[in-house]
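Shown next, in C-alpha cells, is the structure this report addresses.
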C-alpha cells in the first residue's frame, strides 16, 4: 500500500484494503489477547504480595476470557468463502401486503447491522410493491467476514403481528425468504461461466429508484440454464455496468450452490440432512401477543423485537456458528411453529 502506484488500479487497491481489514480483524484481537495474557501473568505475581490487587486481577482475567472467546468464534469462520463480501437477496412470500412490508423491514434490519459494523451497503436491485414494501431486493454488504457472518440467514423468516393493513386489526402471519451468497471476484477460477449456458434479457428499469434509468433498456436479467438461477440488476444507468454486476451476482449464487452441495455431501456421511438452504423456516419474529424473536435451529432467544430490527443480530450469528460447528440437531419447534 505504500507504493507510489498503489492507487493506479482503484479496484485492485480497494480489494487489497479490504483484505487488510479482514486480516487485521483477526491479528489485532490476537495481539491484544497475548498482551493481556502477559500483563495478567505479571499482575498475578504482584497480587500474591498485595491482596488489594485481587479485584483488578479478576477484572483482567474476565477481559482475557472474552477476548479468547471472540477469537474462538472467529476461528469458526473457516468456510471457503467466509472472508468474502455478501450478496443478500430478500423476497416477499406468503402474506400479501404484510409480506411485502416485512421484506422491506428485513432489508432495513440487515442494512442497520452493516452500519453498526462499518460495512458498506450497495443496493443492486429493488422491486417495490404497488401498495407497500418490496417484492424483492438485493444488496451487497461489504466488510470483513461479511459472508461468514450473514450466511446463516438463508431461509424463511416468519413474522406474527397485528396487521397495520387490516382494518379489523386481526393477527397476520407473513413470510419473507432470505438468500445470502458470497460476492465472488471476476478472476475467481472456482466458478466457471460459459456464454452458451446463459440467456441475457434486457429491459427497462422500473419502480422507486429506477425512474432515472427507465427511459432506456439498461436493466439486465441473466438466466443460467444448468442451475436455473436467475439474477437481475437495474441500479446503474449503464447497461454495461448492470451486466457486470449481474455477472458478479450470478457467480455468487453459483458459488453458494456449490458450497451447499459440499455441505450436503459432508452431512450425508453422517446420515443427516443439511440444516441450511433456501426455503427452510429458520426464525420466528413475534409482535403479538408478546414481543420476542427466536431462532428455530439454535434456540437463541431475544425478548426485544425492536432491538433485533435495529440490527442487533450478533447473538444470532454467534449462536449459529457455534451450533453449526457442534453439529447439533435443530431446536424443537414447539409453540413457536
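Tell me, 56, 104 in order of fewest to most beta-carbon neighbours within 10 Å? Don't skip to the answer; put the middle values down first.
Values: 56 14, 104 20.
Fewest-to-most ranking of 56, 104: 56, 104.
If I take R0 = 30 Å and measure r between the Cβ atoms of residue 26 and residue 288 in this structure, what FRET efficiency does the formula 1/(1 + (r/R0)^6) give, to the nearest 0.05?
Details: r = 42 Å, r/R0 = 1.41.
Calculated transfer efficiency: 0.10.
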Helix axis angle, 239-268 relative to the chain longest principal axis, alpha carbon, degrees: 60 degrees
Computed label-point distance, nm, for sites residue 1 and residue 312 using a 7 Å Cα→Cβ extension: 3.2 nm
Chain lengthening between residue 122 and residue 8 when straightened (0.36 nm per residue, less Cα-Cα): 38.7 nm
Among (i) 1.02; (ii) 1.11; (iii) 1.00, the entry that matches Rg/Rh (Cα atoms, Kirkwood Rh) as calculated here: (i)
At R0 = 30 Å, FRET efficiency that the Cβ-Cβ distance of residue 162 and residue 130 yields, to 0.05: 0.85
Gained length - residue 325 relative to residue 195, 0.36 nm times residue gap less alpha-carbon distance: 43.0 nm
Helix axis angle, 96-116 relative to the chain longest principal axis, alpha carbon, degrees: 40 degrees
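Given only helices, namely DSSP H runs of n ≥ 4 each adding -39500 (n - 2.57), what is the per-residue ellipticity at 222 nm of the chain, to the nearest 500 deg cm²/dmol? Write out the running numbers ahead of the final one.
Numbers: 7 runs with 133 residues, N = 337.
Rounded to the nearest 500, it is -13500 deg cm²/dmol.
Starting with the fewest neighbours, write out 301, 149, 110 ranked by other beta-carbon atoms found within 10 Å of each beta-carbon. Don't skip to the end; give the middle numbers.
On the way: 301 14, 149 26, 110 23.
Ascending number of Cβ neighbours within 10 Å: 301, 110, 149.
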Degrees separating the helix 10-47 axis from the principal Cα axis of the chain, which is the longest one: 20 degrees
Prolate/oblate/rounded label for segment 1-102 (Cα gyration tensor, a/c 1.5): oblate
Gain upon complete extension [residue 72, residue 204; 0.36 nm per residue less C-alpha separation]: 42.7 nm
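A short reminder: the numbers here are calculations on the coordinates, not readings from a lab. Everything numeric in this text was worked out from a predicted model, so none of it was measured. With ideal geometry, Cβ positions are generated from the backbone for all residues, glycine too; neighbour counts draw on all protein chains shown.
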